[in-house]
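See below for the structure under consideration.
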Amino acid sequence: MSQSPTQRIAVLPGDGIGKDVTAEAVKVLSAAAEVWSLPLEMVHLDWDADRYLRTGETLPAGALDDFRTNYAAVFIGAYGDPRVPDMKHAADILLGIRFGLDLYINLRPVKLYDPRLCPLKDRTEKDIDFVVFRENTEGAYVNVGGNFKKGTADEIAVQEEIHTRKGVERIIRAAFDYAVRHGRREVLMADKSNVMRYGHDLWQRVFAAVAAEYPGIESRHMFVDALTMQMVLKPETLDVIVTNNMFGDIITDLAAAFQGGLGMAASANLHPGQTSMFEPVHGSAPKYAGTGRANPMGAVLSSALMLDTLGHAEAGRALEDAVARAVREGQTTPDLGGSLTTSQVGDLLARTVAATARS
């Protein structure tokens, strides 16, 4: 049997608990790589606040070309450090990779593994199982705008949203393609076109046009404020959601609460067929760094998304199954009601994955 080409993974632990949870995700990934003989090579990069404060460098010159050419994926922990109040290094690295590699899909699965983790009354695993496709390279996060008479009583601040037909169409199409591949029944598009009559009208028109190409998938529209209410009252009615950058950011943080908190939330930043980036949704929580209290499951679930994207679906499912089993058995960090440390959870998940080879 011929040897599979090596898949290099750039590992950026980042700051704070990013370092803690990344170490555990790598531990579990290594266990999976051994069980399934995966051709993974993990390359650790020290692009963090310490390095920025020491050298003044954020995203090194040529880094994006290096990723495109030499890496299969980028795996990130979390960024943010109080010693860098403007978070320049975090913005340059995270947004630099997201925009520079044109990772236009932000995919965030929302899945409950144990009813006791859900703050919604009488909800079970069957009720909380949907995915959100967040447009990742346009919208309100493109940093177009400015200040006039800044710092005075007459100051004016302008912040522009940018929506292109190409950008809107490709994220909507990605949501429908996902629904087809995964046997999902419906794609719901959320906007605020009743008041944002130009950019969000574009979303309305493109959504209708793309939906017509997928007659086997139901299509539905909701204003985002109505959607947030629906998420809380009837989450079982949701399947695949597609929305813009800002709304996607907000609703997926709400959705993370349904899973047990941000520590359980995973994400993938994708451009199909190209080098993509994977990261847990939570922040760097500096005060918890090194305390053993950080929940590594969101990082492990993000690595499961990475394995699936790289063509190792069986290994990815094993990582998710290991997380689900640990949650059901209460073998978790304190935020989920358990008593294990960050590294103990990582050890447990790695052992569970390794045991799949003997089962």
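The values are calculated or read from the model by the stated rules, or taken from the named source; none is laboratory data. A quick note: this is a predicted structure, and the numbers were derived from the prediction, not measured. Cβ: placed from backbone, ideal geometry, glycine included. Neighbour counts: every protein chain shown.
State all residues of segment 300-346 that are under 23 Å from Val74 (Cβ atoms) and either free of Cβ contacts under 8 Å to residues at least 12 places away in the same chain or in a loop (DSSP other than H, G, I, E, B) (or both); if no residue qualifies, say none.
Asp308, Leu310, Gly311, His312, Ala313
Being in contact (Cβ under 8 Å) with a residue 24 or more places away in the chain and either over 20 Å from Ala175 (Cβ atoms) or surrounded by fewer than 22 Cβ atoms within 10 Å (Cβ to Cβ) (or both) narrows it down to one of Ala285, Ala255, so name that one. Steps first, please.
Numbers: Ala255 fails: either over 20 Å from Ala175 (Cβ atoms) or surrounded by fewer than 22 Cβ atoms within 10 Å (Cβ to Cβ) (or both).
When all the criteria are applied, what remains is Ala285.
Those residues that are part of a loop (DSSP other than H, G, I, E, B) and more than 21 Å from the chain's Cα centre (by Cα), I need them from segment 47-65; list them, please.
Passing the criteria: Gly56, Glu57, Thr58, Pro60, Ala61, Gly62.
Given the residues Val242, Val195, which is the only one that is in a loop (DSSP other than H, G, I, E, B) and of a type outside the set (S, T, N, Q)? Reasoning before the result, please.
Numbers: Val242 fails: in a loop (DSSP other than H, G, I, E, B).
After applying the criteria, what remains is Val195.
For (1) of a type in the set (Asp, Glu); (2) in contact with a Ser or Thr (Cβ under 7 Å, 6 or more places away or on another chain), each residue gets a yes or a no:
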{"residue": "Asp15", "(1), (2)": "yes, yes"}
{"residue": "Ala23", "(1), (2)": "no, no"}
{"residue": "Ala32", "(1), (2)": "no, no"}
{"residue": "Val35", "(1), (2)": "no, yes"}
{"residue": "Met42", "(1), (2)": "no, no"}
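Considering only segment 255-273, I want to know if a residue exists there that is under 17 Å from Leu188 (Cβ atoms) and among the hydroxyl-bearing types (Ser, Thr, Tyr).
Just the residues of segment 255-273 that are under 17 Å from Leu188 (Cβ atoms), to begin with: 255, 258.
Adding the requirement that they be among the hydroxyl-bearing types (Ser, Thr, Tyr) leaves none.
Scanning segment 255-273 turns up no residue that is under 17 Å from Leu188 (Cβ atoms) and among the hydroxyl-bearing types (Ser, Thr, Tyr).
Give me the residue from segment 10-57 that is surrounded by fewer than 19 Cβ atoms within 10 Å (Cβ to Cβ) and among the hydroxyl-bearing types (Ser, Thr, Tyr) and, out of that set, nearest to Ile97 (Cα to Cα).
Out of the qualifying residues, it is Thr55.
Among the candidates Ala31, Ala10, single out the residue that is among the aliphatic types (A, V, I, L, M), touching a Lys or Arg at 6+ places or on another chain (Cβ under 8 Å) and in contact (Cβ under 8 Å) with a residue 40 or more places away in the chain. Lay out the reasoning, then the answer.
Numbers: Ala10 fails: touching a Lys or Arg at 6+ places or on another chain (Cβ under 8 Å).
Result: Ala31 is the single residue among Ala31, Ala10 that is among the aliphatic types (A, V, I, L, M), touching a Lys or Arg at 6+ places or on another chain (Cβ under 8 Å) and in contact (Cβ under 8 Å) with a residue 40 or more places away in the chain.
May I ask you to say which residue of Arg68, Arg83, Arg123, Arg108 is outside the structural domain of Val187 (by TED's automatic domain parsing), modelled with pLDDT of 95 or more and either part of a loop (DSSP other than H, G, I, E, B) or hydrophobic (A, V, I, L, M, F, W, C) (or both)?
Going through Arg68, Arg83, Arg123, Arg108 in turn, the sole match is Arg83.
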